[in-house]
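In what follows, a single structure is set out as structure tokens and then discussed.
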Amino acid sequence: MSDSEKFDCLVVGAGPAGISAALALARAGIQVAVLERGEYPGAKNVMGGILFTTVLNKLLPEFWKQAPVERHVTQRRFSMLSRDGEVALDFRTGAYNEPPYNHTWTVLRSKFDRWFAEQAEAAGVMIVPGMMVSELLVENGKVVGVKTEPGGDELRSDVVISAEGVNSFLAEQVGLRRPHDPRHMAVAVKEVIALPASVIEDRFRISGDEGSAWEVFGQAVQGTFGSGFVYTNKDSISIGVGSTIHDMTRHRLNPNEVLEQFKRHPAIRPLVRGGETLEYAAHMIPEGGFTHLPRMVMDGLILTGDAAGLVNASHYHEGSNLAMASGLYAAETVVEAKRRGDFSAATLSQYANKLEHSFVLQDLRKFQRVSAYFNENPHTLRDYPDVMVRLLSDYFTVSEKPKAEIEKEVIRKFRSEIGVLNLVKDVFKIGRAMR
Amino acid sequence: MNILVCVKHVPDTEAAVKIAADGKSIQTQDVNFVLNPYDEYAVEEALRLREARGGEVTLLSAGPEEAKKSLRTGLAMGADKAVHLVCAHRHDTLTLARALAAAAGQIPFDLILCGKQAVDDDEAQLGVMLAEALSLPSVSAIVKLEVLDGKAVARREVESGLEVVETSLPAVFTAQKGLNDPRYPSLKGIMMAKQKKIEEIACAQSDSQVEILDLAYPKSRSGGKIVGQGAAAVPELVRLLHEEAKVL
Amino acid sequence: MKVLVFAEQREGEFRKAALEACGAGRRLAEGGELVGVVIGRGASAAAPKLAAYGPDRILTVEHPQLELYSTEGYTTALEAAIKQEQPDAVLIAGTATGRDLGPRLGARLGVPVLADVINLSWNEGKLAAVRPIYAGKLHLSVRSQAQPGVATTRPKAFPAGAPDPGRQAQISPLEVELAPDAIRARVTQMHSEAEGTIELTEADIVVSGGRGLKSHENFKLLEELARTLGAAVGASRAAVDSGWRTHGDQVGQTGKVVSPTLYIACGISGAIQHLAGMTSSKVIVAINKDPEAPIFKIADYGIVGDVFEVVPALTEAIKAMK
Ligand SMILES: Cc1cc2nc3c(=O)[nH]c(=O)nc-3n(C[C@H](O)[C@H](O)[C@H](O)COP(=O)(O)OP(=O)(O)OC[C@H]3O[C@@H](n4cnc5c(N)ncnc54)[C@H](O)[C@@H]3O)c2cc1C
Ligand SMILES: Cc1cc2nc3c(=O)[nH]c(=O)nc-3n(C[C@H](O)[C@H](O)[C@H](O)COP(=O)(O)OP(=O)(O)OC[C@H]3O[C@@H](n4cnc5c(N)ncnc54)[C@H](O)[C@@H]3O)c2cc1C
Ligand SMILES: Nc1ncnc2c1ncn2[C@@H]1O[C@H](COP(=O)(O)O)[C@@H](O)[C@H]1O
């Protein structure tokens, strides 16, 4: 490479956002390189994780035939834990056993990201692992390239796509993002625990390549604003907890300790019993949602994925699909900009329009008030699980007391502990928040 | 001075290696492979010699298609050329040494550097076998190398101290940790390496003289007894070492 | 079966690992013959001492060109012994010298070498061995198809066996021819380690320190403990790379592999590459202030605490015991 050589586009980060962008760009004949600080794509990436794959399937149709996916999810389970009990909604359908498998897969990111990057490489993307972008090069208010470590080399391009994930200090450098607010940042810790496939299938009541995804609220995270999760891989399970940093600090909780307690809960312990921990990781998730999105473009720069705060932090826990979608839109935008020979913020702002008109921002808008609600009403996650378990256990406790009397008592207790009015209010508020 | 460096593509030292279904090899699909750590020292030393004395550094690796990745790492560090002896087949180290010797015959060199040991098979034999196959002197596991005219002085660590070895050139040296601090490839180096052509040589098939009977996991240690906290636990530890473990 | 063992000696002293190789050779020979080969300055003077460790016969090779070890010279000498004896197996202790000599000898004879083995046996008349690979994460069983089967043995993997002073061996010199220019790589100087330091790979007790020791000076605490125990001092790579210890002290994947009866890890977290060098120790003790440190998962006994308090207390307790 001669010193004057320059790429059309540089992508920072080889996560779902960056690789989607690069793959789409290479296919459009754009010269693109991806710089990834990890030793290989996926080396540093943490995700629970369920990969939602509507976008992936567009980029690589029937990807599941080659990709290192673990299981397709046919069973979803949402539950609330009290200290020693559980109330659950458990859903499964055979329909999800048919292609495209409801676009819901469990994956291990270290494997998946590496494979995904290889597909991009095959399409002509230059992937450079082991290289960290330390700084964006800015001239006259326009991003013109990047500076890298180790070595301090500079590399120029018409446009940079930041797909650097949640820390997004490059976006911060150029003033698109402000330092993180702990209320809008969740910390998540997770473990991958090895278990034989047959044991997993028995414990989760699944067969073959079927998978199960559990989201667990309430005592799973000691009543904080967050949740625990358990996902089945082929021969391991991913288990973790995540809550806003603000809530964790306020309750003086240590995420490792929360995860340990979650694993010891009587409803969870039998799932992980006898398994060997293969890896442990901690990571942040941007949960500011719609109301805290940054400005996403400037001259010569587009933010995508977590770097742009694009995570749907509701019970869907969806980040990867939004990352891929935003990567794709960023690529389309760059292709158009290249055609016009204009990489100014004005041209790049098409990207924001594309996001607006897709599920990405529409979903984020829909769920924007949910997080606000739970932030304002912490009691719902802290108290309701306990009360519900207590009421249900009163209701189901066998005795010779006439059933009618039991029902009356339960209803009385319910009134005194929560009150119909409060419950109706909360349900109404949650419902409205979701609308 | 032209230097030939033999390098191997091996699983990352962090990798959890698992036995494959055939029971005789490892599962490779989820494993990250890298340039053998000892070979980084070899490449670095070669680059330093070239920087001081001119000439070219050529890398040579035998292995499957993926081995090119490690050749590219070496090119990215700054090597001039790379030759890939393409062989998917598994050889015993002597057979491999002979194959590499044949390939080395086509490359001009004044000196050969290898790593002390490949961290996959942990044989630590190839460099010396290669030297014998080429009828060259060798110094293994060196921690210092000085090249003078027509000869070299190397240091190697042995159990009772340090040996200073003088040898005529050409010769083969194998690099031990401590020889140098390998450089990281720079971005420019990586970009340049991606564009370099790697020369391929076909590898003759030959039977291994070492037969693999079995591959197994060693018995794992089940430690984990915490005797206590701080200095207060010392008497109990000493008692356990004395009475239970009987090692004091 | 006839087994030939290269018995490494320096200045008349046999390496411990060479005696272990003799022990391994004795068992491998079964009822057959074990031949020891002693090369270099002081060989014939040292040979009688070797008899107690099992050889039936001992060949000594002395030559002006073989005063000090050289790869080429010793290979030629050993090759001559093998040509004369036609053994079924050749064993070489896997010391720094043995790991240099073994591959050269194998290549000279045109036979593969089973390197760094921890177990030896016969399999259908051929030499078979177990060798740790991937830094000990797996054990590979292999069989050499060639005659003789050649192996280097990992130090401390085979018991040396108690010396039997009653044993006699027939000692005879072996003449070798070496052209004046036969040896191209020669040792010109030896720098010996300070008197009294115990070689890491041979030590029965190893006390190792890591980043938790925080400085070069603080290693004095470990040296004091080591002196009290008659132990060697090792280090993690972090300690070596910080310049607190020399490379020769590093234990682990890119350092030395040790298998003492007691290994005491102080301020070492227990990274996989470190474990590679010491998990075959008989008993492992870990001292670390972080209860979550992975070293505790493999240690037989752990103390959660500050090395600067625990190590001096341990030194005192052991002094008091003696
Ligand atoms: C515990 C946990 C569970 C989750 N579960 C789910 C789930 O089940 N489903 C779901 O859809 N989403 C989930 N998410 C969210 C999802 O992981 C993210 O939204 C998604 O990975 C975002 O993709 P990205 O490409 O934007 O960023 P990332 O995947 O974070 O990738 C960023 C990449 O950039 C690299 N990088 C960063 N800085 C630099 C730099 N300066 N130079 C070079 N490279 C750099 C990083 O190494 C990394 O590879 C979860 C997240 C966590 C933490
Ligand atoms: C290719 C490769 C090869 C490698 N080869 C080796 C090798 O051969 N050998 C090797 O050791 N490493 C090797 N490593 C490095 C290895 O990965 C680790 O980085 C290294 O072992 C860490 O050393 P450490 O445990 O001393 O340091 P750390 O991991 O930093 O651990 C220090 C420990 O000290 C504890 N501590 C701190 N202060 C105190 C105190 N006052 N009292 C008690 N405890 C305290 C801490 O809790 C911590 O657990 C290799 C790495 C690579 C990539
Ligand atoms: N397949 C190979 N191709 C090129 N060089 C190799 C190969 N295998 C081993 N080597 C070299 O030989 C050294 C020692 O390897 P080994 O004897 O296999 O432990 C390595 O560090 C490399 O320098």
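The strands (runs of 3 or more DSSP E) found entirely in segment C:117-166 that carry 3 or more residues being closer than 30 Å to C:ILE205 by Cβ and within 12 Å of chain B (Cβ to nearest Cβ) are C:126-133, C:138-144.
Restricting A:ALA313, A:ALA325, A:ALA352 to residues that are surrounded by fewer than 20 Cβ atoms within 10 Å (Cβ to Cβ), away from ligand 2 (no atom under 16 Å from the Cβ), in the same structural domain as A:PHE116 (by TED's automatic domain parsing) and among the aliphatic types (A, V, I, L, M) narrows the list to A:ALA352. Candidates are the residues of segment A:115-134 that are open to solvent by less than 40 Å² (accessible area, probe 1.4 Å) and out of contact with any helix residue (DSSP H, G or I) (no Cβ under 7 Å at 6 or more places or on another chain); the one that is nearest to the other protein chains (Cβ to nearest Cβ) is A:GLY130.
Report yes if some residue within segment B:21-31 is within 16 Å of ligand 2 (Cβ to nearest atom) and either over 16 Å from the mean Cα position of the chain (by Cα) or surrounded by fewer than 15 Cβ atoms within 10 Å (Cβ to Cβ) (or both); otherwise report no. So far as segment B:21-31 goes, yes, one or more of its residues are within 16 Å of ligand 2 (Cβ to nearest atom) and either over 16 Å from the mean Cα position of the chain (by Cα) or surrounded by fewer than 15 Cβ atoms within 10 Å (Cβ to Cβ) (or both). Is at least one residue of segment C:193-212 assigned to a strand (DSSP E or B) and within 20 Å of C:ILE39 (Cβ to Cβ)? No, because not a single residue in segment C:193-212 is assigned to a strand (DSSP E or B) and within 20 Å of C:ILE39 (Cβ to Cβ).
If you check B:SER208, B:SER222, which single one turns out to be under 21 Å from the mean Cα position of the chain (by Cα) and not assigned by TED's automatic domain parsing to the domain that holds B:LEU49?
On inspection, the qualifying residue turns out to be B:SER208.
Residues of segment B:165-181 include none that is surrounded by fewer than 18 Cβ atoms within 10 Å (Cβ to Cβ), within 14 Å of chain A (Cβ to nearest Cβ), farther than 30 Å from C:ALA128 by Cα and at pLDDT below 90.
In this structure, is B:GLU40 within 19 Å of B:LYS144 (Cα to Cα), open to solvent by 50 Å² or more (accessible area, probe 1.4 Å) and within 13 Å of ligand 3 (Cβ to nearest atom)?
Yes: the conditions hold for B:GLU40.
Within segment B:73-97, residues that are more than 10 Å from chain C (Cβ to nearest Cβ) have Cβ atoms under 8 Å from residues that are of a type in the set (D, E, K, R) and within 11 Å of ligand 3 (Cβ to nearest atom) in these pairs: B:GLY74/B:ASP39; B:MET77/B:GLU40, counting only partners at least 6 apart in sequence or on another chain. Between residues in segment C:186-211 that are more than 7 Å from every other protein chain (Cβ to nearest Cβ) and residues that are hydroxyl-bearing (Ser, Thr, Tyr), which pairs lie under 6 Å by C-beta distance while being six or more apart or on different chains? Close Cβ pairs satisfying both conditions: C:ASP204/C:THR261; C:VAL206/C:TYR263; C:GLY210/C:SER236. For residues in segment B:125-135 being open to solvent by 20 Å² or more (accessible area, probe 1.4 Å) and at the interface with chain C (Cβ under 9 Å from one of its Cβ atoms), which is nearest to B:VAL17 (Cα to Cα)? This residue is B:LEU126.
Given the condition over 23 Å from the mean Cα position of the chain (by Cα), outside any strand (DSSP E or B), more than 14 Å from chain A (Cβ to nearest Cβ) and surrounded by 14 or more Cβ atoms within 10 Å (Cβ to Cβ), answer yes or no: does some residue in segment B:189-199 qualify? No: zero hits.
The set of residues in segment C:260-299 that are free of Cβ contacts under 8 Å to residues at least 40 places away in the same chain, part of a loop (DSSP other than H, G, I, E, B) and farther than 25 Å from C:ALA17 by Cβ comprises C:GLY270, C:ALA271, C:ASP290, C:PRO291, C:GLU292, C:ALA293, C:PRO294, C:ALA299. Residues that are more than 13 Å from ligand 2 (Cβ to nearest atom) and not in a loop (DSSP other than H, G, I, E, B) were ranked within segment C:219-230; the one that is nearest to the other protein chains (Cβ to nearest Cβ) is C:LEU229. Looking at segment C:231-259 only, could you name the residues that are assigned to a loop (DSSP other than H, G, I, E, B), open to solvent by less than 10 Å² (accessible area, probe 1.4 Å) and β-branched (Val, Ile, Thr)? Within segment C:231-259, just C:VAL258 meets the criteria. Residue check: B:VAL238 meets all listed conditions (1) within 14 Å of chain A (Cβ to nearest Cβ); (2) open to solvent by less than 30 Å² (accessible area, probe 1.4 Å) but one, namely (1).
Matching residues to (1) in a helix (DSSP H, G or I); (2) within 16 Å of ligand 2 (Cβ to nearest atom); (3) in contact with a His (Cβ under 9 Å, 6 or more places away or on another chain):
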site	(1), (2), (3)
B:TYR38	yes, yes, no
B:GLY55	no, no, no
B:LYS68	yes, no, yes
B:ALA99	yes, no, yes
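Say we look at segment C:260-274 and pick out the residues that are open to solvent by 30 Å² or more (accessible area, probe 1.4 Å) and under 21 Å from C:GLY305 (Cβ atoms); which of these is nearest to the other protein chains (Cβ to nearest Cβ)? Across segment C:260-274, the extreme among qualifying residues is C:ALA271.
Considering segment C:82-100, the residues that are open to solvent by 20 Å² or more (accessible area, probe 1.4 Å) and in contact (Cβ under 8 Å) with a residue 60 or more places away in the chain include one that is farthest from the other protein chains (Cβ to nearest Cβ), namely C:GLN84.
Applying the selection to segment B:108-122, what residues are over 22 Å from C:ALA185 (Cβ atoms) and open to solvent by less than 30 Å² (accessible area, probe 1.4 Å)? Within segment B:108-122, B:ALA118, B:VAL119, B:ASP120, B:ASP122 meet the criteria. The residue that is surrounded by the most Cβ atoms within 10 Å (Cβ to Cβ), counting only those in segment A:251-300 that are more than 19 Å from the chain's Cα centre (by Cα), in a strand (DSSP E or B) and not hydrophobic (A, V, I, L, M, F, W, C), is A:THR277. Tell me whether segment A:331-345 contains one or more residues that are open to solvent by less than 10 Å² (accessible area, probe 1.4 Å) and either part of a strand (DSSP E or B) or not assigned by TED's automatic domain parsing to the domain that holds A:ILE50 (or both). Within segment A:331-345 (the criterion being open to solvent by less than 10 Å² (accessible area, probe 1.4 Å) and either part of a strand (DSSP E or B) or not assigned by TED's automatic domain parsing to the domain that holds A:ILE50 (or both)), the answer is no, since none of the residues qualifies.
Matching residues to (1) in contact (Cβ under 8 Å) with a residue 40 or more places away in the chain; (2) touching a strand residue (DSSP E or B) at 6+ places or on another chain (Cβ under 6 Å); (3) crowded, with 24+ Cβ neighbours inside 10 Å:
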site	(1), (2), (3)
C:GLY25	yes, yes, yes
C:GLY31	no, no, no
C:GLY36	yes, yes, yes
C:ILE39	no, yes, yes
C:GLY42	no, no, no
C:ALA46	no, yes, no
C:ALA51	yes, no, no
C:VAL61	yes, yes, no
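Please verify whether B:GLY150 is over 17 Å from B:LYS177 (Cβ atoms), surrounded by fewer than 21 Cβ atoms within 10 Å (Cβ to Cβ), more than 9 Å from chain C (Cβ to nearest Cβ) and within 16 Å of ligand 3 (Cβ to nearest atom), treating the condition exactly as stated.
No, not satisfied.
What do you reckon, is B:THR13 β-branched (Val, Ile, Thr), open to solvent by 30 Å² or more (accessible area, probe 1.4 Å), more than 16 Å from ligand 1 (Cβ to nearest atom) and in contact (Cβ under 8 Å) with a residue 12 or more places away in the chain? No.
The values are calculated or read from the model by the stated rules, or taken from the named source; none is laboratory data. The model shown is predicted, which means the values in this text are computed figures rather than measured ones. For neighbour counting, all protein chains shown are included, and Cβ atoms are generated from backbone atoms with ideal geometry for every residue, glycine included. Only protein heavy atoms, including side chains, enter the accessible area calculation; ligands, DNA and RNA are left aside. Shrake-Rupley method; radii C 1.70, N 1.55, O 1.52, S 1.80 Å.
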